[in-house]
Ligand code: NAD
Ligand code: UDP
Ligand code: UDP
């Protein structure tokens, strides 16, 4: 097929990765998914396994990988605080050694390489909303640092491989994203609240719930990935990708209780150390330079995510809902 590329997706069996693999296959590409199943699972890509253009390998990107590809999306890394803090040394290795290996692969094959960076590079931001030129406020020795500083170092490596070896890079700073196929035990706020509400268990708000996040629906985000990858040569980013509508965590809890008709009540838990107080992307760069902006409002995306978890918790195990 004309324009068909061989695309490597690391972390392709994770939440975002599974949607990306699916979308790339729909666009007619050949997709190689590399994942060590640390937080992902074959279940998220089970529905793709019959596609002759799709292949999965169990591989940890902290080790070298020799394959022939045209494009690389580097998504491998646990994204939920409970998971990335469970083995922080491995998180740093994945972000740093993993980036070096994938950049070495990109350099050898002359592949274009995309990095799934994060709003966490801004830490607990002093600038609001966050613009790409803001350099952030990160605690380098705190419990989140393995992720935040790991991702910051990965950005450094991407720019150094670009300047030193001419590797064509694309850096997306992704803000909180949610949707179907999140793991019920993922630990992030949207999946926690929906699962708790559907089970009529207490909704756990960390701190007083006035901290804010801006939630992007997964399919909106993946559209942004493809636009960024397709941007003209030399468009390195970083570019913020996220939904700029900002909500308090407490508002999210109330919305989920309301939409599920749950009997759950809200309980307070301690606020984790270094938990950012507020977060909202300035997406002017994505809008003006990539022509991208999200279109799914939170209530609509939450409704779809609730439907997914209702199906998942009802015991369905194999095929995914449409
Ligand atoms: P996820 O935890 O669902 O997926 C991560 C995937 O990477 C999993 O399948 C996991 O098994 C795999 N993985 C972890 N370490 C690996 C290693 N060393 N080698 C190979 N595979 C490995 O998380 P997600 O939400 O899909 O996030 C994907 C990427 O996007 C991550 O890099 C994350 O930092 C970034 N990101 C996500 C969000 C979000 O809100 N979802 C926000 C900012 C950044
Ligand atoms: N690498 C890889 N696949 C490749 C090429 C390189 O995994 O196809 C790894 C390799 O193991 C190396 C890393 O990428 O450790 C960085 O490669 P680079 O060429 O930049 O460094 P060097 O090999 O010179 O140390
Ligand atoms: N949070 C919460 N209850 C939960 C899980 C998370 O109140 O059960 C809060 C968390 O303290 C943070 C926000 O929700 O302020 C988003 O947390 P998440 O882990 O989803 O993402 P991140 O902190 O990385 O933005």
Sole exception among (1) part of a helix (DSSP H, G or I); (2) at pLDDT below 95 for residue 317, by number: (1)
Pick from the stretch 29-57 the residues that are more than 15 Å from the chain's Cα centre (by Cα) and within 16 Å of ligand 2 (Cβ to nearest atom): which of them is nearest to residue 149 (Cα to Cα)? 36
Can you name the condition, by its number, that residue 133 falls short on among (1) free of Cβ contacts under 8 Å to residues at least 60 places away in the same chain; (2) part of a helix (DSSP H, G or I)? (2)
Within the stretch 149-261, which strands (runs of 3 or more DSSP E) (wholly inside it) include 2 or more residues that are surrounded by 19 or more Cβ atoms within 10 Å (Cβ to Cβ)? 169-174, 203-206, 212-214, 239-241
Residue hits (the stretch 72-96; assigned to a loop (DSSP other than H, G, I, E, B) and out of contact with any strand residue (DSSP E or B) (no Cβ under 9 Å at 6 or more places or on another chain)) are 78, 80, 85, 86, 87
Taking interchain pairs and intrachain pairs at least six residues apart, which have beta carbon atoms under 6 angstrom, with the first residue in the stretch 110-121 and closer than 24 Å to residue 137 by Cα and touching a residue at least 24 places away in the same chain (Cβ under 8 Å) and the second more than 13 Å from ligand 3 (Cβ to nearest atom) and assigned to a loop (DSSP other than H, G, I, E, B)? 116/75; 121/136
In the stretch 61-85, anything surrounded by 15 or more Cβ atoms within 10 Å (Cβ to Cβ), within 19 Å of the chain's Cα centre (by Cα) and over 18 Å from residue 157 (Cα atoms) is listed as 78, 79, 80, 81, 83, 84, 85
Among (1) touching a strand residue (DSSP E or B) at 6+ places or on another chain (Cβ under 6 Å); (2) closer than 28 Å to residue 275 by Cα; (3) not in a strand (DSSP E or B) - the single one residue 69 does not satisfy: (2)
If you go through the stretch 171-200 one residue at a time, how many are on the phi > 0 side of the Ramachandran plot and either within 16 Å of ligand 2 (Cβ to nearest atom) or under 12 Å from the mean Cα position of the chain (by Cα) (or both)? 1
Any idea which of (1) touching a helix residue (DSSP H, G or I) at 6+ places or on another chain (Cβ under 7 Å); (2) within 22 Å of residue 229 (Cα to Cα) is the one residue 51 doesn't satisfy? (2)
Of (1) outside any helix (DSSP H, G or I); (2) in contact (Cβ under 8 Å) with a residue 40 or more places away in the chain; (3) away from ligand 3 (no atom under 16 Å from the Cβ), residue 19 fails just (1)
Qualifying residue in the stretch 246-259 (condition: more than 16 Å from ligand 3 (Cβ to nearest atom) and farther than 17 Å from residue 300 by Cα): no
Would you check which residues across the stretch 22-55 are in a strand (DSSP E or B) and surrounded by fewer than 24 Cβ atoms within 10 Å (Cβ to Cβ) and list them? 30, 32, 54, 55
Hits in the stretch 25-42 (condition: more than 9 Å from ligand 1 (Cβ to nearest atom) and in contact (Cβ under 8 Å) with a residue 60 or more places away in the chain): 27
Among (1) touching a helix residue (DSSP H, G or I) at 6+ places or on another chain (Cβ under 8 Å); (2) under 22 Å from residue 216 (Cα atoms); (3) assigned to a loop (DSSP other than H, G, I, E, B) - the single one residue 277 does not satisfy: (1)
In the stretch 106-122, which residue that is touching a helix residue (DSSP H, G or I) at 6+ places or on another chain (Cβ under 6 Å) and assigned to a strand (DSSP E or B) is farthest from residue 65 (Cα to Cα)? 118
Which members of the stretch 56-66 meet the condition of being part of a strand (DSSP E or B) and in contact (Cβ under 8 Å) with a residue 40 or more places away in the chain? 56
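The values are calculated or read from the model by the stated rules, or taken from the named source; none is laboratory data. Nothing here was measured: the structure is a model prediction, and the numbers come from that model. Ideal geometry is used to build each Cβ from the backbone, glycine not excepted, and the neighbour counts take in all protein chains shown.
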